1. Give me the strands (runs of 3 or more DSSP E) completely within the range 199-309, filtered to those with at least 1 residues that are within 16 Å of ligand 2 (Cβ to nearest atom) and not aromatic (Phe, Trp, Tyr), ordered by residue number.
2. Pick from Leu332, Leu315: which is closer than 16 Å to Val198 by Cα, more than 14 Å from ligand 1 (Cβ to nearest atom) and surrounded by 17 or more Cβ atoms within 10 Å (Cβ to Cβ)?
3. Only residues that are in contact with a strand residue (DSSP E or B) (Cβ under 9 Å, 6 or more places away or on another chain), more than 16 Å from ligand 2 (Cβ to nearest atom) and free of Cβ contacts under 8 Å to residues at least 60 places away in the same chain: list them for the range 150-180, please.
4. Which members of the range 359-378 meet the condition of being polar (S, T, N, Q) and touching a Ser or Thr at 6+ places or on another chain (Cβ under 7 Å)?
5. Restricting attention to the range 397-414, and to residues there that are within 19 Å of Asp354 (Cα to Cα) and in a helix (DSSP H, G or I), which single residue is nearest to the chain's Cα centre (by Cα)?
6. Check Asn405 against each of (1) farther than 30 Å from Leu255 by Cβ; (2) surrounded by 13 or more Cβ atoms within 10 Å (Cβ to Cβ); (3) out of contact with any Leu (no Cβ under 7 Å at 6 or more places or on another chain); (4) of a type outside the set (Lys, Arg) and name the one condition it does not meet.
7. From the set of residues in the range 120-172 that are closer than 17 Å to Ile195 by Cβ and assigned to a loop (DSSP other than H, G, I, E, B), which is farthest from ligand 1 (Cβ to nearest atom)?
8. Counting just the residues of the range 351-378 that are surrounded by fewer than 20 Cβ atoms within 10 Å (Cβ to Cβ) and more than 30 Å from Gly306 (Cβ to Cβ), which one comes out nearest to the chain's Cα centre (by Cα)?
Amino acid sequence: MTALCKENSRLIDRLTAALMSDSGFLAEFGRFGHAAASSPAAAAALADFLFAVDKDPHEPDEIFRKLRWGGQLVYISRDAAEVAATATRFADRGYLIVQPPAFLRDSFLGLRLSFLGRKLHYFVARKVTLVLPREFSDRFTYQVELHPPQKPGEPWSVLKQIPAPERVAARLRKRFPDVTEEIIQKRVRKFTEKIFPVFLTREAAMLKIVEKNLPAEYAGRFPKVLDLEKDDAGFVRKLRMTWLRNSLPRDGGPLSQVEFARQAAELLHVLHDVIGVIHLDLRLDNIVITERGVGFVDFGSSVRVGEDLSDSPLLSTIFDELMRTSEIQRMLEKMTLSGTVTSPIFEAGYQKVDKTVDFFYLALQVNNPLSNPDFQGLVVYDPSSDAAKALRKLTDETLKPGNLNNPRYRTAADFVRGVQRIEQAGV
Ligand SMILES: Nc1ncnc2c1ncn2[C@@H]1O[C@H](COP(=O)(O)OP(=O)(O)OP(=O)(O)O)[C@@H](O)[C@H]1O
Ligand SMILES: [Mg+2]
């Protein structure tokens, strides 16, 4: 450890003070900078800010795994060449350099220690991709990245676009190793020229429906469309929307599991019964915990309640396929066959486009909130707690009701009432 490292915390304070001259950094650091220290659960979470000084670990890929999406790394060293080279490596690995290499003079910092009486170099990088470049994840399909403000003072936003053909090809090859290259290329064209654009266009339309019908008190819990880029045929190729940043609630610590369950079920009720949209891909990956509470993203496979898909051969074929093969449908099938799901309510959703598809998966997932790694530090989950047990009972009664002829929990709204009863019981 160098002397510089021993001075870390003081240096960080001073450097942060210098960076504060950038009002955006100030606001963000004020909001997120100290979260890690606030509780043991938060300490286990991905970081919104990391500071690395000199020889502290500063490999881009290693930092990537520790940072939240949108989190920032500040690297500081007296070695100008190392700072410049490190910034270049970060720029190549899924980050945007938001503060290019710069330096502070000791006089500026007011450092008293003589061995530091030299220039202090630094840069700041923000993690903007979801997965490392050239790495694959089954969690995501589209190319989704954080997009910097276009004018000073504007917030960062999310840019969702059709993935590059090479990426789609690589994914297909991995999934279907026995298929010939010719067929792979044919499928790539079908996906990138037809299927993805159709679905991204639908997503933009769904988000606008959500925005139009959303009660004011739920603002900020669904993305809003900011702008679109269309191709010659009128299909959306790029969709820019508001960023629902994963974070602690503005006024407090992490959500309790029961609170998480109530907020998620309530939002689903609003989506289904007030807005009139069925999500159909409500995996925890598509749920966020924001400063305004639980939010839903990824309306890529959503439909309007009552929408007739049979008019479009393309849509009806794809939705049929989706409803046979999606993760949610496979789980519903498995649990029905094993007798874990017996409620007649879910028959309506089996291999079909129906509200109960969302309801089924939500009722299941509130029992394991941390299976989305981003929620670490944002929701408290102890499987042996009374709250976890009470929620599991609620889920069991929903999926496998005591009275098959008259299930108590038929909708998201019923489930909200169930969670409220747990809350009232003071569990
Ligand atoms: N507006 C947003 N605010 C916050 N996070 C978002 C937003 N849009 C997307 N994300 C994050 O990016 C991830 C990927 O985006 P999205 O789910 O829309 O695409 P996808 O997963 O590639 O699509 P699909 O689920 O159809 O494969 C989401 O799981 C979520 O973590
Ligand atoms: Mg998704």
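Each value in this text was obtained by applying a stated rule to the coordinates, not by laboratory testing. In this text the structure is predicted, and so the values were computed from the model without any measurement. All Cβ positions, glycine included, derive from the backbone under ideal geometry; neighbour counts span all protein chains shown.
1. In the range 199-309, 236-242, 287-290, 293-296 are the strands (runs of 3 or more DSSP E) which contain 1 or more residues that are within 16 Å of ligand 2 (Cβ to nearest atom) and not aromatic (Phe, Trp, Tyr).
2. On inspection, the qualifying residue turns out to be Leu315.
3. Gln150, Ala164, listed by residue number.
4. Asn367
5. Checking each candidate, the answer is Ala412.
6. (2)
7. Ala164
8. Top of the filtered list is Asp374.
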